[in-house]
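Read the structure below first, then the notes.
What follows is calculated from the coordinates using simple rules that are stated; it is not laboratory data. What you see is a predicted model, and the numbers here were worked out from it, not measured in a lab. Cβ coordinates were reconstructed from backbone atoms using ideal geometry, including for glycine residues, and neighbour counts include every protein chain displayed.
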Amino acid sequence: MAEWVRLCSIWEAPAPGNAMEAEARGVAVCLANVNGTLSAMDNWCPHRRAPLGQGTVEGEAVVCPWHAWAFNTKTGIADPPERAKVDVFSVKTDGDDVLVQLD
Ligand code: FES
């Protein structure tokens, strides 16, 4: 059953236009801030396993730091012509905590 797990504090969360790596219950997560809205996805790029949390935010996508595949922060789907997808996690804040929903 899915449960909400603390990822970091709101003070550690990335500023708008940035992404970071974090870990919740052993799961590596890329936490991104798109125009003030936090989103969370699997940290490992499906291409060559680069850490997406070290990538950049462009528009509504996180761009992989190694070969620039861009993953939509809402769907996890890579921009064409790439055909890949990363898991996207629901994210919310609760007081000073940022939580992600994990299975
Ligand atoms: S490892 Fe992410 S695009 Fe290659």
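Among Val88, Val62, Val27, the largest mean-square fluctuation in a Gaussian network model of the chain, built with springs joining Cα atoms closer than 10 Å, belongs to Val27. From the alpha carbon centroid of the range 30-70 to that of the range 79-102 is 10 Å. Here the relative contact order of the range 4-88, from alpha carbon pairs under 8 Å that lie six or more residues apart, stands at 21 percent. Give me P(r) over the range 16-91, computed from all C-alpha to C-alpha distances, binned every 5 Å, as integer percentages. P(r) over the range 16-91, rounded to whole percents: 4, 20, 34, 28, 12, 3, 0.
In terms of other Cβ atoms within 10 Å, Leu7, Leu31, Leu99 run from fewest to most in the order Leu99, Leu7, Leu31.
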